[in-house]
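**Q** A single structure is presented below for examination.
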Amino acid sequence: MTFFKELQRRNVFRIAIGYVVLAWLLLQVSDTLVPALRLPDWFHSGVAFLLILGFPVALFLAWAYEMTPDGIRSEKDIDRDRPATPGSGRKLDFAIIGLLAAALVYFVWESRFENVDGMAADATRSELPSSTNTETTATEVGLDKDRLSIAVLPFDNRSNLEEDQFFTDGIHDDLLTTIAKIGSMKVISRTSVMEYRGTVKKIPQIAKELGVTTILEGGIQRSGSQVLINVQLIDAVSDEHLWAEYYDRELSAENLFAIQSEITNAIADALSAALSPEEKQRIDATATNSLLALEAYQRGRRLMATRNTENMKSATEEFNQAVELDPRFALAWVGVADSNHLYSTYNRTIGPDSYAIVDDAIGRALAIDAGLGEAYAIKGLSTWSRKGPDQAEAAFKQAIALSPNYATAWQWYANSLALDSGRMNESIELLGRAAQLDPRSSIIGMNLGTAFKSVGLYSRAERQYLNVVEQNPDFAMANNSLINFYLAEVGRYDQALYFALKARVRDPDNLRYLNHLVNIYLGLGDLAAAENIHQQMIEVDANHRVVNAADLWIHLRKDDPDRTRAVLDRLLPKIPDRPNI
Amino acid sequence: MYAGFVELLLGDLDRAKTLFQSATPDWLDSNNRDYTYSMQYFGCMFSWVLINTGDEEKGRQLLQTNTAFLDETLSARTEHVDVHKPEICYLTSGDTEKALQSIEKQLAHNHLEDWDIYHKLPMYDLIRNLPRFLAAVEERERIISEQRKIIENMNHEGEL
């Protein structure tokens, strides 16, 4: 008898197959139990390790023993000339089939229910802390089938001129803002619909991915002094047209806002969406009569969404231009406040000067339009960063009440609560709402990762961060969060270095990323590399606080007290009032 | 607060005290604790400074507030309290056993950032020469060395 046949006779192959399938199933169970029971991370690794160790043991036992009608017997006690007990092989076959069926059921379940809704679904998964009211979260964050919902797909540019694409995108953006004023309807944000530009996906598929029941699509053509817009509203379930219209007007800001207002009212009618008198008034209002101001505003929004330092600086200039052209353009004042706050925060220069600009712009926006939710959102953010979450809460709540479809308001409110650790679970729920409105938003996805990190759900946080990087590799901020995570939470300097170098390629003069590199090299004990990066920081801005701070950490590592103190003395006047924020 | 931390490292307790005080004037306001929840170790550094500069009562009060927040409030929210270096608080109160446990837990959780700098703080004198502390530091260095090798390989493969 050959060795192969002997292996077959002793059921070694069957045991091997059965063991692999069973081990895989056990690993899935362990993967579920670790977060659910808040077991330590090593538990899962331990299970995997034991299963690997058990494999040769199982093969050895299969070789050495046999199941017989008299029980398990040692091979040496069995007559080798007699065929192996036929029943035992059959039992093993049944067991393997049963395990394979269980694995198949699990696989189908996982692929059907685990990956449906991207980031919005991410927030509802099972790793929420035990104290989280997961039932509420799931209801609020998951697919909200009872609520009217719409996604406005990017409009086709039907002009022959490529530069009209920007105009087309701007109209699309403004229309989204107008439709979002219908409080009873969920409106998917711009960042999440933009990836469907030129898509070949069917309407029902898009609707499923974005969690909506209706889709608006259309095209725009700018022709001399005329603008032609056609739109159609589609029922995402039946794929049937609910309403369609064609507009041919003279090109002016007033006419563009009038068309947007007509489309929004028509959608509300077609879907029987409730519109309060205040909402109707806001929908019919004209934000600006200046086409140039409107275009500058649109460019500013687009630049700010990238969260790239240089782009955010350019965004401040665009918004300044918009308010210069039309000082009564309230949303552009919000843009001034948003962009100045974000730019100075990201560039670590936030302080009295930037707060003065932000406060002034918020005041002007609210003086023009006291019901502008977007203005209350930035008011909340600015208050939070200076005074803490409690003082900011009223402004955030006001923002959400006035503009329930403004994902950023939910996001910033959630972030403020994340600092107030007692309300971490609320923060995660609010971020889920933000993700529902803007499921493809990188910044919201990243904030969700940070929320998971804050409650110690590290594997969940890492997956969330990596999701964002995968969805939007050009979003350098996601790399920043990953770098922080790998450094502080999981002690992976090699991973931190990999992502810090990637971030630097995308945003080479960002002092935050360069500072990360200094810290990573210092942590690795590579002082020369840290000093080299510091030199690059000096070339960007020698007087910047972050550059001096990096110098400080380098000299602390060098055990050079005199130089350290000299750097500290230079740095101290640059530290803002509350450096802990 | 980082400036106060640096002055404490440099050994100028008076300057450290002034800087900690000016960074957060409401240190002793218990309503402020959650707001600075991730900065408990600065609070305990400030406690150490207060205790060692004649403000013992205020220092003990601040230490007690910070330690209670770490042990009772924060630990109910996450099992990773050790990422906040609570041993600074335990060492300030003289509890070397809890401090060593905290450091060992950081090792187990891979919270390895900035050990070299923080361990220069004066409160670590209590454990600096203890075998358990030295073993933890050595193990951390071994983990970092492994990562240096990974980085070398990544460099070699052109991945960085």
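**Q** Please list, ordered by chain and number, the residues whose modelled amide H lies under 5 Å from the amide H of A:ALA244; skip anything fewer than 5 residues away on the same chain.
**A** Here A:LEU233 satisfy the definition.
**Q** So, R0 is 51 Å and r is the distance between the beta-carbons of B:LYS58 and A:LEU53; what FRET efficiency does that work out to, to 0.05?
**A** On the way: r = 56 Å, r/R0 = 1.10.
For B:LYS58 and A:LEU53, the calculated efficiency is 0.35.
**Q** For the Cα atoms of chain A, what angle does the longest principal axis make with the long axis of helix A:12-36, in degrees from 0 to 90, nearest 10?
**A** That works out to roughly 40 degrees.
**Q** Could you list, in their original order, any pairs among A:LYS313/A:LYS379; A:LYS387/B:LYS17; A:LYS201/A:LYS502 whose Cα atoms are separated by more than 26 Å? Can you show the working numbers first?
**A** Numbers: A:LYS313/A:LYS379 20 Å; A:LYS387/B:LYS17 23 Å; A:LYS201/A:LYS502 31 Å.
The pairs that break the limit, which is 26 Å between Cα atoms, are A:LYS201/A:LYS502.
**Q** Could I have the simple spin-label model distance between A:PHE94 and A:ALA64, label points 7 Å from Cα toward Cβ, reported in nm to one decimal?
**A** 2.8 nm
**Q** To the nearest 500 deg cm²/dmol, what mean residue ellipticity at 222 nm is calculated for chain B from DSSP H runs of n ≥ 4 alone, each contributing -39,500 (n - 2.57), summed and divided by the residues?
**A** Numbers: 8 runs with 95 residues, N = 160.
Theoretical 222 nm ellipticity from helices: -18500 deg cm²/dmol.
**Q** What FRET efficiency do you get for B:ILE143 and A:VAL29 if R0 is 25 Å and r is their Cβ-Cβ distance, rounded to the nearest 0.05? Don't skip to the answer; put the middle values down first.
**A** Details: r = 30 Å, r/R0 = 1.18.
My answer for the efficiency is 0.25.
**Q** May I pose another question? Amide H to amide H under 5 Å from B:ASN52: which residues, 5+ apart in sequence or cross-chain, H placed 1.01 Å off N in plane?
**A** Long-range HN contacts for B:ASN52: none found.
**Q** Find the accessible area per residue for segment A:148-284; the probe is 1.4 Å, ligands and nucleic acids are left out, and the unit is Å². Before the final figure, lay out each step's value.
**A** Working: 5840 Å² over 137 residues.
With all protein chains present, segment A:148-284 gives 43 Å² per residue.
**Q** Once Lys and Arg get +1 and Asp and Glu get -1 on their Cβ, which of A:TYR498, A:GLY363, A:THR564 lies farthest toward the positive end of the dipole of the protein assembly as shown?
**A** Most positive-ward Cα: A:TYR498.
**Q** Which residues of segment A:548-571 end up with at least 10 Å² less accessible area in the presence of all protein chains than when their chain stands alone, using a 1.4 Å probe?
**A** A:LEU552, A:TRP553, A:LEU556, A:ARG557, A:ASP559, A:PRO561, A:THR564, A:ARG565, A:LEU568, A:ASP569
**Q** Taking only the Cα atoms of chain A, how large is their convex hull per residue, in Å³?
**A** Numbers: hull volume 121.9 nm³, N = 581.
Here the figure is 210 Å³ per residue.
**Q** Among A:VAL152, A:ALA236, A:ALA394, whose Cα sits farthest toward the positive end of the charge dipole of the protein assembly as shown (+1 at Cβ of Lys/Arg, -1 at Cβ of Asp/Glu, about the Cα centre)?
**A** Ranked along the dipole, the leading option is A:ALA236.
**Q** Express the accessible area of segment A:433-522 per residue in Å², computed with a 1.4 Å probe while the remaining protein chains stay in the model. Write out the running numbers ahead of the final one.
**A** Working: 2410 Å² over 90 residues.
Heavy-atom accessible area per residue stands at 27 Å².
**Q** Hey, what D do you get for segment A:148-284 in µm²/s if you plug the Kirkwood alpha-carbon radius into Stokes-Einstein at 20 °C and 1.002 mPa s? Show your work: numbers first, answer last.
**A** Details: Rh = 15.0 Å.
Answer from the Stokes-Einstein relation: 142 µm²/s.
**Q** I've got another one for you. Sketch the reach of a paramagnetic label on A:GLU310 as a point 7 Å from Cα along Cα-to-Cβ, and name the residues of segment A:504-520 whose backbone nitrogen lies under 18 Å away.
**A** Those under the cut-off are A:504-515.
**Q** Please work out the C-alpha center-to-center distance from segment A:342-370 to segment A:207-268 and express it in whole Å.
**A** Rounded to whole Å, the Cα centres lie 34 Å apart.
**Q** Treat every Asp and Glu Cβ in segment A:203-292 as -1 and every Lys and Arg Cβ as +1, leave all other atoms uncharged, and give the resulting dipole magnitude about the Cα centre to the nearest 20 debye. Show your work: numbers first, answer last.
**A** Numbers: 5 positive and 14 negative charges, 47 e Å.
Dipole of segment A:203-292, to the nearest 20 debye: 220 debye.
**Q** Over segment B:2-156, average the accessible area per residue using a 1.4 Å probe and give it in Å², no decimals.
**A** Numbers: 6660 Å² over 155 residues.
It amounts to 43 Å² per residue over segment B:2-156.
**Q** Classify segment B:43-95: rounded, prolate or oblate, from the alpha-carbon gyration tensor (a ≥ b ≥ c, eigenvalue square roots; a/c under 1.5 rounded; otherwise prolate if a/b is larger than b/c)? Working shown, then result.
**A** Working: a/c = 3.00, a/b = 2.12, b/c = 1.42.
Because a/c hits 1.5 or more and a/b exceeds b/c, segment B:43-95 counts as prolate.
**Q** Another question about this same structure. So what are the ³J(HN,Hα) numbers for segment A:220-235, from phi and the Karplus equation (6.51, -1.76, 1.60; θ = phi - 60°), rounded to whole Hz, Gly and Pro as x?
**A** So the Karplus estimates, Gly and Pro as x, are 9, 10, 9, 9, x, 9, 10, 10, 10, 10, 10, 9, 9, 9, 10, 6 Hz.
**Q** Compute log10 of I(q)/I(0) for segment A:455-555 with the Debye formula, placing one identical point scatterer on every Cα and leaving out solvent, at q = 0.13 Å⁻¹, to two decimals.
**A** -0.45
**Q** Next up: How large is the Kirkwood hydrodynamic radius of segment B:2-156, counting all unique pairs of alpha carbons, in Å? Let's see the in-between values first.
**A** Values: mean 1/r = 0.0613 Å⁻¹.
This gives a value of 16.3 Å.
**Q** Would you calculate the separation in nanometres between label points at A:THR2 and B:ASP116, each defined as 7 Å from the Cα along the Cα-to-beta-carbon direction?
**A** Taking the simple label geometry, A:THR2 and B:ASP116 are separated by 6.0 nm.
**Q** Can you give the convex hull volume per residue for the Cα atoms of segment A:502-568, as a whole number of Å³? Write out the running numbers ahead of the final one.
**A** Working: hull volume 4.7 nm³, N = 67.
Given the Cα convex hull of segment A:502-568, per-residue volume reads 70 Å³.
**Q** With +1 on each Lys and Arg Cβ and -1 on each Asp and Glu Cβ, how big is the dipole of segment A:148-284 about its Cα centre, in debye rounded to the nearest 20?
**A** Numbers: 12 positive and 22 negative charges, 79 e Å.
The calculation lands at about 380 debye.
**Q** Can you pull out the buried accessible area for chains A and B, both sides counted, probe 1.4 Å, rounded to the nearest 100 Å²?
**A** Numbers: alone 27660 and 8880 Å², together 32840 Å².
Buried area (both sides, nearest 100 Å²): 3700 Å².
**Q** Tell me the label-point distance for the pair A:ILE72, B:ASP95, using the 7 Å Cα-to-Cβ offset, in nm and rounded to one decimal.
**A** Distance between label points: 4.8 nm.
**Q** Let me ask another. Please give the length that would be gained between A:ARG197 and A:ASP560 if that part of the chain were fully extended, namely 0.36 nm times their separation in residues minus their C-alpha to C-alpha distance (nm, one decimal). Could you put the intermediate results ahead of the total?
**A** Numbers: separation 363, 0.36 × 363 = 130.68 nm, distance 5.67 nm.
Result: 125.0 nm gained on full extension.
**Q** Could you tell me the calculated FRET efficiency between A:ASN160 and A:ALA270, based on Cβ-Cβ distance and R0 = 56 angstrom, to the nearest 0.05? Walk me through the numbers before you get to the answer.
**A** Numbers: r = 32 Å, r/R0 = 0.57.
About 0.95, to the nearest 0.05.
**Q** If you place +1 on the Cβ of every Lys and Arg, -1 on the Cβ of every Asp and Glu, and leave all else neutral, what size is the dipole of the protein assembly as shown about its Cα centre, to the nearest 20 Debye?
**A** So the dipole magnitude of the protein assembly as shown works out to roughly 1460 debye.
**Q** Okay, moving on. Calculate how many DSSP beta bridges within chain A are antiparallel, expressed in % of all such bridges and rounded to the nearest 5. Write out the running numbers ahead of the final one.
**A** On the way: 24 of 32 bridges.
Beta bridges within chain A, antiparallel portion: roughly 75 percent.
**Q** Hey, can you grab everything whose amide H is under 5 Å from the amide H of A:SER149? Only 5+ residues off in sequence or another chain; H modelled, so Pro and N-termini drop out.
**A** For A:SER149, whose amide H was placed from the backbone, the distant partners under 5 Å are A:LYS186, A:THR213, A:THR214.
**Q** What are the residues of segment A:501-536 that lose 50 Å² or more of accessible area, with a 1.4 Å probe, going from their chain alone to all protein chains?
**A** Residues passing the criterion (a loss of at least 50 Å², heavy atoms only) are A:LEU524.
**Q** In the protein assembly as shown, with Lys and Arg counted as +1 and Asp and Glu as -1 at Cβ, which of these residues, A:SER427, B:ALA23, B:ALA135, has the Cα nearest the positive end of the dipole, that is, farthest along it?
**A** B:ALA135
**Q** On the protein heavy atoms, probe 1.4 angstrom, tell me the percent of accessible surface of the protein assembly as shown carried by carbon and sulfur.
**A** On the way: 17520 of 32840 Å².
Result for the protein assembly as shown: 53 percent of the exposed heavy-atom area is carbon or sulfur.
**Q** If you take the square roots of the eigenvalues of the alpha-carbon gyration tensor of segment A:211-355 and sort them as a ≥ b ≥ c, do you get rounded (a/c under 1.5), prolate (a/b over b/c) or oblate?
**A** Numbers: a/c = 2.12, a/b = 1.74, b/c = 1.22.
It comes out prolate by the Cα gyration axes.
**Q** Give a residue-ordered list of calculated ³J(HN,Hα) values for segment B:61-66 (Karplus: 6.51 cos²θ - 1.76 cosθ + 1.60, θ = phi - 60°; whole Hz; x for Gly, Pro).
**A** These are the phi-based 3J(HN,Hα) values: 5, 5, 4, 5, 4, 5 Hz.
The values are calculated or read from the model by the stated rules, or taken from the named source; none is laboratory data. In this text the structure is predicted, and so the values were computed from the model without any measurement. In this analysis, Cβ positions are derived from the backbone assuming ideal geometry, glycine residues included, and neighbour counts consider all displayed protein chains. SASA here: full protein model, heavy atoms, side chains in, ligands and nucleic acids out. Shrake-Rupley method; radii C 1.70, N 1.55, O 1.52, S 1.80 Å.
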